[in-house]
Amino acid sequence: MVRAEFIGNRKDGYSGFTISGHAMPPGRDSEYDMVCAAVSSAVYLTCNMLTEYVGGCAAKQGENEISLRADLSTGAVHSAICALEDHLREMSARYPENITIIIGG
């Protein structure tokens, strides 16, 4: 299962996230590999935008995990992380057994 943990909240602002896991074991079902690919693409886009163009953010990648932390939750950081959360919620609605979202981590 993909676990998306967001640091902060919409009201007070987001300051980061950690995305980890895999929808299903690789090779078991190509549909679920596509879910992971879609999650990865959205996360990499968000990380690249915030680290390369907004600044004040650091991304760290491990095995089946990527984290982003911001020095502070600016409007651009908060908006980008909200957009990622919205995107993952839409995917979670379609694949609820494969994506879980945690707010306030």
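Every number in this text was worked out from the coordinates using simple rules, so none of it is lab data. Because the structure is predicted, anything quoted here is derived from the model rather than measured. Reconstructed Cβ throughout: ideal geometry from the backbone, glycine too, with neighbour counts over all protein chains shown.
With contacts taken as Cα pairs under 8 Å and at least 6 residues apart, region 2-103 reaches a relative contact order of 38 percent. Against the empirical 2.2 N^0.38 Å (N residues), the chain has a Cα radius of gyration ratio of 1.03.
Placing a label point 7 Å from the Cα of Asn48 along the Cα-to-Cβ direction, the residues of region 69-100 with a backbone N closer than 19 Å are 69, 77, 80-85, 87-88. A crude spin-label estimate for the pair Ala58 and Ser40, with each label 7 Å from Cα along the Cβ direction, gives 2.5 nm.
The charge dipole of the chain, taken about its Cα centre with unit charges on the Cβ atoms of Lys, Arg (+1), Asp and Glu (-1) only, comes to about 220 debye.
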